[in-house]
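Every read-out reported here was derived from the displayed coordinates using simple, explicitly stated rules and does not represent laboratory data. What you see is a predicted model, and the numbers here were worked out from it, not measured in a lab. Glycine gets a Cβ as well: all are built from the backbone with ideal geometry, and neighbour counts include every protein chain shown.
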Protein chains: 2
Amino acid sequence: MAPPSAVEVEATSDTSAIVVPDPLTINGVPGRRAKSGRLIAGTAAPANSDMFKGHGHGHKPMAHRWDHYLSHEAASRKGNSLKGAAKYLKTPGLISLGGGLPSSEYFPFEELHIKVPSVGQFSEAETKDSGVLVSAGKYDLIEGNSIYDISVAFNYGQGTGAAQLLRWITEHTEIVHNPPYQDWFCTMTIGSTSALDMALRMFTQRGDFILSEEYTFATAVETAAPMGVRVVGVKMDEQGLLADSMDEILSTWDERARGARKPFVLYTVPTGQNPTGATQGLQRRKDIYRIAQKHDLYILEDEPYYFLQMQPYTGQNAPPVPPPTSHAAFLSALVPSLLSMDTDGRVMRMDSFSKVVSPGSRCGWITASAQVVERYMKHADVSTQGPSGMSQLILFKLLDEHWDHAGYLDWLIHIRLAYTRRRDVILAACEAHLPRDIVSWKPPMAGMFHWLRIDWRKHPLARDRTVTDLEEDIFMASIRHGALVMRGSWFYADNTVKHDTMFFRATYAAAPEDKIQEAIRRFGDAIRESFGLEQAR
Amino acid sequence: MAPPSAVEVEATSDTSAIVVPDPLTINGVPGRRAKSGRLIAGTAAPANSDMFKGHGHGHKPMAHRWDHYLSHEAASRKGNSLKGAAKYLKTPGLISLGGGLPSSEYFPFEELHIKVPSVGQFSEAETKDSGVLVSAGKYDLIEGNSIYDISVAFNYGQGTGAAQLLRWITEHTEIVHNPPYQDWFCTMTIGSTSALDMALRMFTQRGDFILSEEYTFATAVETAAPMGVRVVGVKMDEQGLLADSMDEILSTWDERARGARKPFVLYTVPTGQNPTGATQGLQRRKDIYRIAQKHDLYILEDEPYYFLQMQPYTGQNAPPVPPPTSHAAFLSALVPSLLSMDTDGRVMRMDSFSKVVSPGSRCGWITASAQVVERYMKHADVSTQGPSGMSQLILFKLLDEHWDHAGYLDWLIHIRLAYTRRRDVILAACEAHLPRDIVSWKPPMAGMFHWLRIDWRKHPLARDRTVTDLEEDIFMASIRHGALVMRGSWFYADNTVKHDTMFFRATYAAAPEDKIQEAIRRFGDAIRESFGLEQAR
């Protein structure tokens, strides 16, 4: 028998070396933490996700490199020279007169206490009754009371955010998404608006186009425009962005006619998209990822509404679907993220606490490949400097020390059911109060927005006036009737393109439920008035 | 008698119309607030400094316009289209299904308490004993307990920051600086590092030079470099930037030789400059401002150390200067800011809580003309979104509700004396332990940094090795001896220019006092070793 070829031997030995561990679950966290030993991270201690990831990623591929897409700004950004001195700080016995950090002696804060819900008793009324005061002292770290304290959190930090919260974020990301490449990292942001601003500066230059849904988050367009970056809108259906439409745009891109190189950045909100409320199903996400591979796109996956995925809508008279009965059931009820299918490391996912904990924290995170996260951190070091340490300490106390991963998932289930209830209220109101031959909609599966399509061709003035004029007419009628809804045209990805559809966006996230009903009733009256129909009684 | 000329009449009538009120003092604040009535500002309520300024600015000139300096990015930035809908929110009875803000019902925070020092009992030990718990509830605003609460602070805000804290900041700025033009405004930042990043994007474009001290804050250079913006260093003396040197650079600027238009942005740290510790005296500031007018410069006045101005240094054996005995005496002991002499509105002053309250707040503010602040806010709306609401609430509780302006000035006097003590410790240590024929210095009047000049020409290898090599040699010797000080070359504004001076920067802000002494002793040993001198005993 001939000896196996070198290649075969190598393959064999590779295969035998591959140990594919079970993905991390919340139950696996304590064991992993115990193995790593107590986390010790003082003032402005550097940290990265590698310190907190499992060792079970070795069988995965490495992320692609994105050098060919980096802007001049991003590619030329050097390290902070003063940080070069940091490596000497480990010298035993060294006294540093180096970094210009103030002494915590002069922080006028001695203790911090926040009253937060106990796990399972999440409503405001329950929190008043049975909420718990979680506390941070100034020197808890030295005194052994906690791994994070005021003296550390309230001092300067790192662009990544503090190790203590970054650990929780990394674990959470691994539990929920388990990215299928090896060198993924998380780093904190001061919110996804800033993350998008920084990502665009990393990947685009003046004159570029990026791709997005044809109706998109207005702030994204407004963030890009002053940089000289335009947005080309991709057609959508009720599952959001159409992969085929994107393929066509890219396959037929004419650099000369467009005056711009072929786009290579996709900005997408896959879940509960703003403004359409559309959620990409699993197959749609796969299709989008496949087209992204075909055209070598880099994807900015903006997911503030990911955990606002709701229970299926069963209609007014059918019994509701029972809520998830376990953490595993909850997680598997979520549409998998683009990050979770990102074998190439071509996704920068933006996560946010804004919609599920508090927008005022100005704290979120991105997950991306080592290269992209390293560029992002370097930029953060000379701009945002990472999120507020006050916010980070409050979030750490709540999410890590008090709730832990399990309690946080319970909270997310609570939020899921709350939004389901609110969504059902607005749908019932629409069914009751809107003229169905003029207004149509799909029940949103996620997010904060209900997207109402108006059949403007039935308007008596449809032939004489533009869609925009009629949209304005209905909008003003609605204001007169006492209901504010947003005009669809405010969300055009590209307002140089002519649109022949008309939409309004209504949110069910903010107002009390009876006000939502009343506002929809008024909106119905406004439409009837504009269309010259008899008012409902 | 001939009638007075029109000009004379005008002059007379102008003079009679001018009512120059007394500048605002801390005693004037309660009256002004009472006159304006209770501040009511709910979730994401728009606010600006005009709401909080006195009416006594009408006699001042209007700021110059800076259109000719705005970058394409800044000039082309449009408003947020969705904010167009905000004007309808005032319609009585209107129900909004507009803004995608989450309901505070889903913020898992019920109460916040922070223990802070009582006025006059500022030390850590005193705070432990006699500190006060200041508290915020979730619905204090509705319940009439406070004008700011968790439901508002923890929701989305505005790029300006919240009205409640912006009022305090505007008053503080008026009390301390009383800008001598009419249309000055404050708006919050997430820290001065970010403010500089945003200012550079507002005023510069790729290929530009800005002016700065020849030794400067390394992060400033590193923020500018990836934008393609280089820094031209202006010569310094012990009072920092030399106005004449700046004049010469600008008067002899050769666009062709430099490959860049004449600089029109000056970045300067007037007080306790990093790394040199230099503080511009009053006359120096006037000279710099005059040269800025001559060449129509826009000035970025970065002042994190403004309130770290210390008592005069009297030497080891002379009695100390008695501390300020009143708020007025304290304020008049401060060198006036560039902002306070800015009749043209050509200064963007950056203030920060980092050095005097807490760096982890990631909260500061700028003061500039209406035009510049408006551009800044618009940018903040699509990037940073303003500072953390958690930070803002904590700062508001401390600075407005608890300490108020008077207590804050008392705190700043406390900090002044603490830094004086620390500065005196390092100076005594230097006098005791450094070889005076090789190392020389000026006592710093402000800030965190002591700047030590090394007479490298006395080094035995001075003829054979470069300044940089010798600097490295001393640095490594110091590390071996157990003391970290920063190399002066890390702070070059322009490292393409050859330097023939050698400096090290030592901070007295961070380490305990006995450690500062020991580190300086070790640094002295390291210098003697490098220079081949006998060690001190």
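Taking other C-beta atoms within 10 Å as the exposure proxy, A:D469, B:D381 rank A:D469, B:D381 from fewest upward. Entry note, chain A: the mean residue ellipticity at 222 nm calculated from DSSP H runs of n ≥ 4, each adding -39500 (n - 2.57), is -10500 deg cm²/dmol after division by the residues and rounding to the nearest 500. At an R0 of 45 angstrom, the distance between the Cβ atoms of B:T25 and B:K458 translates into a FRET efficiency of 0.25.
In the neighborhood of B:S383, defined by Cβ-to-Cβ distances under 13 Å, what is the net charge if each Lys or Arg adds +1 and each Asp or Glu adds -1? Provide the component values of the computation, followed by the final result.
On the way: positive: A:R201, A:R362, B:R77, B:R201, B:R375, B:K378; negative: A:D197, A:E222, B:E73, B:D197, B:D381.
So the environment of B:S383 carries a net charge of +1.
Among beta bridges identified by DSSP and lying wholly in the protein assembly as shown, the antiparallel ones come to about 65 percent.
In nanometers and ordered shortest first, the copy-to-copy spacing of the B:G315 label point, defined 7 Å from Cα toward Cβ, is 9.6.
Computed from label points 7 Å out along Cα-Cβ, the spacing between A:T91 and B:A318 is 3.6 nm.
Of the residues A:L24, A:A406, A:A243, the one whose Cα sits farthest toward the positive end of the charge dipole of chain A, with +1 on the Cβ of Lys and Arg and -1 on the Cβ of Asp and Glu, is A:A243.
Under a Cβ-only charge scheme (Lys and Arg +1, Asp and Glu -1), can you give me the dipole magnitude of the protein assembly as shown about the Cα centre, in debye to the nearest 20? All intermediate terms of the calculation are to be shown ahead of the outcome.
Numbers: 112 positive and 124 negative charges, 153 e Å.
Here the size comes out at about 740 debye.
Inter-copy label distances for A:K262: 4.8 nm (label point placed 7 Å from Cα along Cα→Cβ; shortest first). By other beta-carbon atoms within 10 Å, ranking A:K498, B:K83 with the fewest at the front produces A:K498, B:K83. In nanometers and ordered shortest first, the copy-to-copy spacing of the B:N27 label point, defined 7 Å from Cα toward Cβ, is 7.2. Over chain B, the alpha carbon radius of gyration divided by the compact-protein estimate 2.2 N^0.38 Å works out to 1.06. The base-10 log of I(q)/I(0) for segment A:163-228, evaluated at q = 0.16, 0.27 Å⁻¹, reads -0.73, -1.13 [Debye formula, identical scatterers on Cα atoms, solvent excluded].
Each residue in B:T271, B:T496 was given a count of other beta-carbon atoms within 10 angstrom of its own, and listing them fewest first yields B:T496, B:T271. A compact globular protein would have a Cα radius of gyration near 2.2 N^0.38 Å; the ratio found for segment B:337-412 is 1.24. Dipole magnitude for chain B: about 500 debye, using +1 per Lys or Arg Cβ and -1 per Asp or Glu Cβ, origin at the Cα centre. Once you've got the Cα coordinates, tell me which of A:K87/B:K235; A:K53/A:K90; B:K442/B:K498; B:K115/B:K138; A:K53/A:K397; A:K35/A:K397 are over 27 Å apart. As for pairs spanning more than 27 Å Cα to Cα, those are A:K87/B:K235. Based on the Kirkwood approach, the hydrodynamic radius assigned to the protein assembly as shown is 31.1 Å, with every pair of different Cα atoms included.
Determine the distance separating the Cα centre of segment B:467-530 from the Cα centre of segment B:361-412; give it in Å without decimals. Cα centroid of segment B:467-530 versus Cα centroid of segment B:361-412: 36 Å apart.
Please label the shape of segment B:434-531 as rounded, prolate or oblate, based on the square roots a ≥ b ≥ c of the eigenvalues of the alpha-carbon gyration tensor (a/c under 1.5 means rounded; beyond that, a/b larger than b/c means prolate, else oblate).
Note, shape of segment B:434-531 comes out oblate.
Taking a ≥ b ≥ c as the square roots of the eigenvalues of the alpha carbon gyration tensor, segment B:130-264 is prolate, as a/c is not under 1.5 and a/b beats b/c. Our note on the geometry: Cα centres of segment A:88-106 and segment B:122-184, 32 Å apart.
Structural size metrics of segment A:411-463, computed from C-alpha coordinates, are Rg and Dmax of 14.4, 51 Å. How big is the gap, in Å, between the Cα center of segment B:268-304 and the Cα center of segment A:265-319? Segment B:268-304 and segment A:265-319 have Cα centres spaced 52 Å from each other.
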